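Have a look at the structure below before the remarks.
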Ligand SMILES: Cc1cc2nc3c(=O)[nH]c(=O)nc-3n(C[C@H](O)[C@H](O)[C@H](O)COP(=O)(O)OP(=O)(O)OC[C@H]3O[C@@H](n4cnc5c(N)ncnc54)[C@H](O)[C@@H]3O)c2cc1C
Ligand code: HEM
Ligand code: HEM
Ligand code: SF4
Ligand code: F3S
Ligand code: FES
C-alpha cells in the first residue's frame, strides 16, 4: 500500500462482544434471555425509555415496551409514525418456517445470512436473527398483517434474492407497508393507553450522556423550532440507515444519519461505515433535478434480459440493434447464473459496461432490461400478469412503454450495513444507548440478503430489545439526572449554537447543491467500486467541500418556524462527517468483501477477493474529536460453526 | 417548457394566506411535480426568498406524506397516483397551475402547503388495531384465511393515510380512510372479537375530530391514489348497524 | 354514537325511503285523474274511509300523515345537522373550498349530488305551497272546489301552475337520483363496484319514474286531454 494510513486514523484497543453467553450457538439466545435480569411490573412505570424512530425497529420496540408497562417517549421526523421509511420496502420478509418443505431450517437461514454477508458478521447475532424469524411471522399474522395466501387459506411464500428455498413472506409488492402498519397500529394502541408519548415532527439533534450513561436527547420541534430536552433512563436509536449520504438513493428524502452520528460524536463507535448495498435494478437518473431513485423489484431479472450495445456510442433505437450487435454481458460472463447473479455482481457489471462508454439513455448511465424475448416466449398476457404493475410504474416515471421499448436500469444505493456498533444485547459502547434496525451495524456483515432487513428490524424491536433493555433497567434507578444537569444544558446549547451557525453563514449556495456534490463524490469513489487512489482523492474533496459548506451555504428563514432548509442543512452537515469516515473505512479495508469492492482485490474473473487473514474483523470507529483522527477498534470475527468459503457464481 | 404556478403561501397556522404567482422556466417533462417545486425552491433560496414548504418523504407513492391540491384536484390529475408520482409530462408548455394545501377543518395548515393530519392517528388510536400484544402468538398457519377475504383485506389495507379523500370530499369527511381500516381488520378472522367496538369507537373519534359525514358522493374514491373503493364505506355502515343491534 | 354522522345518515335514509314510498303511492293515486272525476274523488274518499270501522273517519290517513310528518321532521333535522357539520368541516366552502376554479364540478360527482341540500329546500317550500293549493285550497288558482278532482283540473289548466309543479318535480327528480342511491348505500347495500353501478341505475329509474309519473297528469290537463 502506498498511502500512509496513519495520516487518516489511529489504531485503538481491540473490542469484543462480552454479552453473548459462551454456550453452543443454538442455545445462546435462550441462555441470554434466561440470564437477563427482570424488572418488576410495578417498577416499570417509573422507568422512562426514549426511542428515536417509528420504523419497523423503533415502532415495534415502542409498542412492545409500552405493553410491558414502561413509560416510552417515541420520536419521528415525519407527521405520523406510520410514514417511517420502512413503509417503502417491497419484496418481503424472510422466515425459516419451512412451510414448503424444501429443506429450509433455522440453520440454513443462518448459513445463508453469514455466507451472504461474505463472512463479516457475528455468528451469534446471525443465528439469533434466524431463530427469531419464525416468531415474527406469527406475531404479525396475529396483528392482522394481510400476507399473501394460497387458495387453501395458508400463507404463501416465494424465493427471493438468489436463495434456493422459498422462505420469503410477502404482501404483494408492499410488504414493508403492511408490516409497518401492524407495528404502527399496536403503537397507536399504546399511545391511547397512555404508555407511549408520541412526538411526531420532532428531530433528534443531540444525545445526552451524563454520569457515564445515555440519559436523554435534545430534539427540535420542527413546527415551532423549540429546542426541547427529554430525559430518560435509557435511549434507543432506531433511526434507520444513512444511504442518503449519496444524495441519490432509494431512501426516503428525510433519511439521515444525524441521530446515530450525534451519538457517535458522544462516544458510540461506528462500525463498518463503508458497507453499503447497491441495488442493481433502479430507474436511471434522468436529469440534474432528480431528487431520488426508484427501485424496481428485482424479480424483473427473472424474465428480463440485460444487455448493452457492443459498440460504445451506438445511438440507434434499441429495437434497431440486431442481436449480433448486442452484448448480453451477464449471460456471457456468468453462464450458470446469467441475469440472476447477486446484487453486487450485477451492479458492478453494469457500472463496468457504462464506464466503457456503452451505457444507454441520457448521460450514458443505464443498461437495457429487455422483455422482448419473454413476451415472445410467454405472451404479452402472461408478462402483464406477472409484472404489469411494475411496468406501469416504470411508464409513469419515464414516459416509456416497456412492452415496446426495453426498460433502462441502473444500480442505486439501497441499504447500509454499517451503523453504530452494538454488542449481543444491542447496546452500544455508551451504556444505556441501544441501537436497533438498520441504524446498528447489524447482523448482515458485508452484504445483506434480500428480505432480511425487515426481519432484523422486527426481531430487534419486538423480541430482542425488550428483554435486553429490561436487563439494563433492572439496575435502575441511576443517578438523578434532570434537564438542568450540566451535560443536558450543554447539549441543548450545542444544538442552539449549531443552528445559529448554520443560519448565520448566509452564503450563496443552496443546501441541495452541496448535498448533490457530496453525493457525486461518494458515489464515484466510495460506491460500487473503490480504489486506494480514488478514496484518498475523495477524502480531500469531501474536506474541501465541507469547508466550503460552512463558508458558503445559504439557509433562509429562522429557527422559530417550520424551516425545511434548516432541517436539510443540519442533516447534510452530518453527512459530510460521515462521508469522510466511510472513505477512511473503505481505504483501510484493503480487501474486497461483500458489497465493499476494492478494485485492487479481485479474482481473475473480477470477483471480490477477501483477505480473511487480515480483515476478518468488524471495524468499530471511535470519534477522534473535532479535527482529530478517528480511532479504529477491531472486533475479531471467529467462525466456529461455519467454514469460510470463497463465493462463486460462475 | 415554461410553467406559471399559483401557490398558496401562508407563513403559519395563525397568519392569513393567499395565492402567489411564480414563473418556472425550462421545466423538463421528466421531472416529477415535486422536483419541479424543488427547482423553484432552489431559485427562491438563491434569491433570498422563503422556499415553499411542502411535505414529501418516500417520493414513490407509499408513505402518504405528500399531498397537494393541484388545479382543484387532490393529488392532481391522473388516476391512482400520489402527488409525488405525478410527472410534468401531464402538463403543457404555458400552463397555469394552481397549487393548494389539503383543506378541511381538522387539517390545520401549518405552513404553506403543509397540513396537520394527526387526527388520522387519533382515529386509529380509537380502535384501528387488533389487540395482539407481543408474545407467543399462535402459529401463523393455524388461522387459515380464505384467499378472497385475504385479498380484499389487503386491498383495503393499502390505504396510505394521505388524506386526499378528505381533501376531495365536499363534506370534508374522512369516511374512506376510516372505512378502509375497518374493512381491512374486519375481513380477517383475527379482527372479529373487536369488530363492533372498533367501528363505533372509530366513528365517534372521526366525528369528534370535526370531519363531516359521508353522503355517498364518491369524490374520495376518485382522488384516492390507492383506488380504495366506496363500497367499503357501505360496509362500514353495515358494521355500525350490526354493532348497534348487538349492543349489550 | 346516536348523534354520529353515520347514524344521522341512516336515519335520513330510512325517512327518505319512507317518503319515496309515499310518493310512489301518491303518484299512483294521481294517475287516477285519467279514470275520471268519480274515480279520483272516490279514491280521495277511500283514503279517508280506509280501515273503517276499526279506525275513525280519516284515521288511516292520519296515521299516514303522522308517519310522514315524523319522517319529514327527522329527515330535515338530520339534513340540517349534517349540513352544519359539512360547513364546520370545510369552513363553509364544501366542494367549492379551493381557490382554483378549474375543478369546481369535482372529478366525477353528479349534478344531483351537489344540489341535494338546496334541492331539498326547494322541495320543502313546494310542499307547503302544494298543501296550501290542493289540500287546504287556501290558494286556488282557477277556482276553489270541494272536489279534489276539480281543484286539480282547475289548477293545471293554468300554465304557470304547471310550470311551478314542473320545477318542483325536477328538483324531486334530482333529489332522488342521488338520494335513492345514497340511502341504499348508507344502509349497506353497496357491496361491490358492480353493485354500485346497479344501485345508481335503480336510483335513476326511480327518479325518472316519479318525475315523469307525476308530470303526466298536469300536462295532460294543460293540453286538454283530461277534464
Ligand atoms: C425501496 C426499498 C425497498 C426495500 N425492500 C426491502 C425488502 O423487500 N425486504 C427487506 O427486508 N428490506 C427491504 N428494504 C430495507 C428495509 O426497508 C430497511 O432496512 C428497514 O425498513 C429499516 O427499518 P428501521 O426501522 O431500521 O428504519 P426506518 O424505517 O428507516 O425508520 C427510521 C425512523 O427513524 C426516524 N428518524 C430518523 N432520524 C431521526 C432523527 N434524527 N430524529 C427523529 N427521528 C428520526 C424516522 O422518522 C423513522 O421513523 C428496502 C429498502 C428500500 C429503500
Ligand atoms: C326540506 C326538505 C328536504 C331537505 C332539506 C332534504 C335534504 C336532503 C339531504 C341533505 C339529503 C342527503 C343528501 C345526500 O345523501 O347527499 C337527503 C337525502 C334524501 N332525501 Fe331529502 N331532503 C328534503 C326533502 C325530501 C323529500 C320530501 C323527500 C321525499 C321524496 C326526500 C327524499 C330523500 C331521500 C330518499 C334521500 C336519500 C337518503 C340519504 O341520503 O340517506 N327528501 N335529503
Ligand atoms: C303533479 C303532481 C301532484 C299532484 C297532482 C298532487 C295532487 C295532490 C292532491 C289532489 C292532494 C290532496 C289529496 C287530498 O286531500 O285528498 C295532494 C296531497 C298531498 N301531496 Fe300532492 N300532488 C302532486 C305532487 C306532490 C309532490 C311532488 C309531493 C311531495 C314532494 C306531494 C306531496 C303531497 C302531500 C304531502 C299531500 C298531503 C297528503 C295529506 O296528508 O293529505 N304531492 N296532492
Ligand atoms: S383512503 Fe385513499 S385517499 Fe384516503 S387516506 Fe387512504 S389512501 Fe389516501
Ligand atoms: S366524497 Fe365524501 S361524501 Fe362520502 S363517498 Fe366520499 S366521503
Ligand atoms: S412522498 Fe411518499 S407518497 Fe408521496
- Which of the peptides C:173-183, A:293-303 is most tightly packed, and how do the rest follow, going by the mean number of other Cβ atoms within 10 Å of each residue? C:173-183, A:293-303
- Task: Would you order C:19, A:390 from fewest to most other beta-carbon atoms within 10 Å of each residue's own beta-carbon?
- Result: A:390, C:19
- Query: Can you give the % of DSSP beta bridges in region B:3-110 that are antiparallel, to the nearest 5?
  - Reply: 75 percent
- Global geometry of region A:279-413, whether rounded, prolate or oblate, following the gyration tensor of its Cα atoms and the 1.5 cut on a/c: rounded
- Using alpha-carbon positions, what is the distance between the centroids of region C:150-205 and region A:378-444, in Å? 54 Å
- Expected max-MSF residue from B:201, B:30, B:116 in the GNM of chain B (alpha carbon, under 10 Å) is B:30
- Query: In region A:490-636, what is the volume of the convex hull around the alpha carbon atoms, normalised per residue and reported in Å³?
  - Reply: 126 Å³
- Query: So what's the back-of-envelope 222 nm ellipticity for chain A, counting only DSSP H runs of four-plus at -39500 (n - 2.57) apiece and dividing by all residues, rounded to 500?
  - Reply: -11000 deg cm²/dmol
- Query: To the nearest 500 deg cm²/dmol, what mean residue ellipticity at 222 nm is calculated for chain B from DSSP H runs of n ≥ 4 alone, each contributing -39,500 (n - 2.57), summed and divided by the residues?
  - Reply: -10500 deg cm²/dmol
- Note on the structure: By Cβ neighbour count within 10 Å, fewest first, A:375, B:70, A:136 rank A:375, B:70, A:136
- Between the alpha carbon centres of region A:253-304 and region C:100-125 the gap in Å comes to 49 Å
- Task: For n ≥ 4 DSSP H runs only, could you compute -39500 (n - 2.57) per run for chain C, divide by its residues and tell me the 222 nm figure to the nearest 500?
- Result: -23500 deg cm²/dmol
- Give the calculated FRET efficiency between residue A:551 and residue C:91 to the nearest 0.05, with a Förster radius of 30 Å applied to their Cβ-Cβ distance. 0.05
- Task: Calculate the length of the line joining the C-alpha centroid of region B:172-248 to that of region A:309-366, in whole Å.
- Result: 51 Å
- Task: Can you bin region C:119-227 into rounded, prolate or oblate? Criterion: square roots of the alpha carbon gyration tensor eigenvalues sorted a ≥ b ≥ c, rounded for a/c under 1.5, prolate for a/b above b/c, oblate for the rest.
- Result: prolate
- Message: Between helix A:486-505 and chain A, what is the angle of the helix's C-alpha long axis to the longest principal axis, kept within 0 to 90° and rounded to the nearest 10?
- Response: 50 degrees
- Query: When averaged across all projection directions, what area in nm² does the alpha-carbon convex hull of region C:20-143 cover?
  - Reply: 11.5 nm²
- Query: Between residue A:328 and residue C:167, how many nm apart are label points set 7 Å from Cα along the C-beta direction?
  - Reply: 7.6 nm
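Show me the ranking of peptides A:477-485, A:493-501 by mean Cβ neighbours inside 10 Å, starting with the highest.
With the highest mean Cβ count within 10 Å placed first, the list reads A:493-501, A:477-485.
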- In cubic angstrom per residue, the convex hull of chain B built on its Cα atoms measures 150 Å³
- Counting DSSP beta bridges with both partners in the protein assembly as shown, what percentage is antiparallel, nearest 5? 70 percent
- Query: Taking springs between alpha-carbon atoms closer than 10 angstrom, which of B:191, B:72, B:48 fluctuates most in the Gaussian network model of chain B?
  - Reply: B:48
- Task: Compute the whole-percent fraction of alpha carbon pairs in chain A spaced more than 43 Å apart.
- Result: 19 percent
- Work out the mean other chain Cβ neighbour count within 10 Å for the residues of B:176-187 and drop it here as an integer. 1
- Give the relative contact order (percent, whole number) for chain C; include only Cα pairs under 8 Å separated by 6+ residues. 26 percent
- Which whole number gives the average count of other chain Cβ atoms within 10 Å of the Cβ atoms across peptide B:27-34? 4
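Under the definition of partner shielding as Cβ atoms of other protein chains within 10 Å of a residue Cβ, what is the mean value for peptide B:79-86?
Per residue, the number of nearby Cβ atoms from other chains is 2 on average.
Mind ranking B:206-215, C:196-205, A:239-248 by how tightly packed they are, going by the mean number of other C-beta atoms within 10 angstrom, highest first?
The densest-packed peptide leads the list: A:239-248, B:206-215, C:196-205.
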- Query: By its C-alpha gyration tensor, with a ≥ b ≥ c as the square roots of the eigenvalues, how is the protein assembly as shown shaped: rounded for a/c under 1.5, else prolate for a/b larger than b/c, else oblate?
  - Reply: prolate
- Note on the structure: Listed with the fewest Cβ neighbours within 10 Å leading, A:275, A:119 appear as A:119, A:275
- Message: For Cα pairs less than 8 Å apart in space and 6+ apart in sequence, what is the mean separation divided by the residue count of region B:3-110, i.e. the relative contact order in percent?
- Response: 32 percent
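A short reminder: the numbers here are calculations on the coordinates, not readings from a lab. In this text the structure is predicted, and so the values were computed from the model without any measurement. Virtual Cβ from ideal backbone geometry, glycine too; neighbours counted across all protein chains shown.
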